[in-house]
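> Quick one: the structure is below, questions incoming.
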Amino acid sequence: MKIGNILSRTRNSPAKMPILLLALLPVPPKFNGESASANEAQRQTNADTLRAVFDLVLAPLQPVAQEGTVIDCADGKTRLCFPILLAWIADHAEHSALQGIGSMSCSKCEVPCMELGGDLRRIYETRDYMPYREKALEHEPAEAASIAEYFQRLGVKIGNNVFIGLDRVSPADLHKPDLLHNIYLGLFKHMMDGVEGFLKKHKQQQGFDDAWTEIPPYPGFSVPKKAYREITQWQGKEMCNHRHCISAILASALRNLDSSQYHDFKSALKCVSALVDFSLIAQYRSRTPDTLSYMESYLQTFHWTKDIFLEFGTSKATGTRADRQNWKRRELMVDQRAKEVHHRTVANRPRQADQERVERSDQRADLIRRENHFNFIKMHYLTHFSSHVRRFGSISMYSTECHKS
């Protein structure tokens, strides 16, 4: 029986799926910082220890995966079965550690880290971890620098995948789409940060808050107990509940517009609605070619319109750099104003100051637009949802939301 069928039936039944603790993974010690060589030695020790633990935990799977074992089936008959590891349900950080990839690398394909938010139609090579391991074992000590550069380009740490060598198992297939961490606590939270910035820019925050507090009760929907801006930390269930009303609330907040705002408001609504529709259809338990086509279409629309929120997803480093540039520009203008003060009339000074403030604001926004991007791993993982459905079936049966419910 497939693990997916077990999870699907367990979720619909009142009984919780039994959990058997196999092992507690060791917590690696922190680097002492004495030297680069000492840190590298500690890193290798940590990797070897983790590998040894997984070899011990997964060792019982090897003989039954190769030779099979007799299992009693639900129809009362016994059959020769070949149990294999089908999925490793965890967040990206754990897959990054266990599969030996960088934090900005995809565990399923060789997409470059600077193209994670790029063209959805581009297909990248599926990761094959066995050649990585063979290349790491075969290289000469003198080639250490070149081999490290080679693996760095691929986003791989040299030979650290703990799943290599399992019979009938492809490590690239173990990572499954996760509705909870990938969409609810990932993309939705990132999108709402952009929505907040968008509302603030267009002075529509109060309209959004008013609509948020006036949501009526509905069966199966939990009415928010706090104003939107009073919520400091979102839980997965809250974000999942929130997606059912966000499109209507945003449409209500953006209903009063002038001609100059029409295009931006329309793009923002289309982007939010596309991600909501994608998330709703992603949790279907059965699929047809039409529903898969709808899901891919919603994802494409989301990517086409997501740039409307680009300027509001500023990292701390970019924000600091923009503030520093703004301050230097302000000092330069003050110095220039001091030299030209005798050429200005008192009436012109406020207007000149306003022009300088607008100029600095435009330059800051231009820098942020150049530096901001959507190249983060949770954005890229959405591109694997439809291929996962075609190969393995329902997405929701593998989600961590299922196991924590």
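Values quoted throughout were computed directly from the atomic coordinates according to the rules given, and no laboratory measurement underlies them. This one's a predicted model, so the numbers in the text were calculated from it and none came from an experiment. Here Cβ is always computed from backbone atoms with ideal geometry, including for glycine, and neighbour counts include all displayed protein chains.
> Using 1/(1 + (r/R0)^6) with R0 = 41 angstrom and r between the beta carbons of Q355 and R285, what's the FRET efficiency to the nearest 0.05?
Working: r = 59 Å, r/R0 = 1.45.
It comes to 0.10.
> Let me ask another. Roughly speaking, what is the stretch gain from S293 to D55, that is 0.36 nm per residue apart minus the C-alpha to C-alpha distance, in nm to one decimal?
Full extension of this stretch gives 81.6 nm more.
> Using a basic spin-label model with each label point 7 Å from the Cα along Cα→Cβ, how many nm lie between S37 and R255?
7.2
> Short version: ³J(HN,Hα) in whole Hz for each residue of the stretch 278-288, in order, from phi by Karplus 6.51 cos²θ - 1.76 cosθ + 1.60 (θ = phi - 60°), x for Gly and Pro, what are they?
Here the 3J(HN,Hα) series is 4, 5, 5, 6, 5, 8, 4, 8, 9, 9, 10 Hz.
> Would you list D173, D128 from fewest to most Cβ contacts within 10 Å?
Result, fewest neighbours first: D128, D173.
> Another one. Order these by the 10 Å Cβ neighbour count, fewest first: K378, K328, K189.
The order, fewest Cβ neighbours first, is K328, K189, K378.
> Shifting gears a bit: Which order do the peptides 21-30, 205-214, 102-111, 60-69 come out in when sorted by mean C-beta neighbours inside 10 angstrom, highest first?
Most protected by this proxy first, the peptides run 102-111, 205-214, 60-69, 21-30.
> Quick one: which residues, 5 or more positions from V156 or on another chain, have an amide H under 5 Å from its amide H? H modelled 1.01 Å from N in the peptide plane, none for Pro or chain starts.
G102
> Looking at the stretch 277-314, which trypsin sites (Lys or Arg not before Pro) are in a loop (DSSP not H, G, I, E or B) and have at most 14 other Cβ atoms within 10 Å?
Filter output for the stretch 277-314: R285.
> What is the set of long-range amide H partners of C81 at a cut-off below 5 Å, with H atoms built 1.01 Å from backbone N?
T69, V70, I71
> For the stretch 153-289, list log₁₀ I(q)/I(0) at each q in 0.10, 0.15, 0.22 Å⁻¹, using the Debye formula over Cα point scatterers of equal strength and ignoring solvent, two decimals each.
The Debye formula, applied to the Cα set alone, gives -0.47, -0.83, -1.43.
> Over 28 Å between Cα atoms, which of K108/K225; K30/K237; K237/K270; K237/K378 qualify? Walk me through the numbers on the way to the answer.
Values: K108/K225 40 Å; K30/K237 34 Å; K237/K270 24 Å; K237/K378 18 Å.
Exceeds cut-off: K108/K225; K30/K237.
> Could you compute the FRET efficiency for Q233 and M130, with r as their C-beta to C-beta distance and R0 at 35 Å, rounded to 0.05?
So the FRET efficiency works out to roughly 0.25.
> To the nearest 0.05, what FRET efficiency results for F221 and L332 with a Förster distance of 56 Å applied to their C-beta separation?
0.55
> What are the ³J(HN,Hα) couplings of the stretch 45-51, residue after residue, when phi is run through the Karplus curve with 6.51, -1.76, 1.60 and θ = phi - 60°? Round to Hz, x for glycine and proline.
So the J values, rounded to whole Hz, are 4, 4, 5, 5, 5, 4, 5.
> Another question, if that's okay. Give the long-range amide H neighbours of C109: residues separated by 5 or more places, or on another chain, with amide H under 5 Å away, using H modelled in the peptide plane at 1.01 Å from N.
Sorted by chain and number, the residues that satisfy this are R127.
> Let me ask something else about it. Once you place label points 7 Å from the Cα toward the Cβ at K201 and D75, how far apart are they in nm?
So the two model labels end up 6.0 nm from each other.
> For the residues L85, L137, what sequence is obtained by ranking on other C-beta atoms within 10 Å, fewest first? Don't skip to the answer; put the middle values down first.
Working: L85 18, L137 9.
Going from least to most buried by this count: L137, L85.
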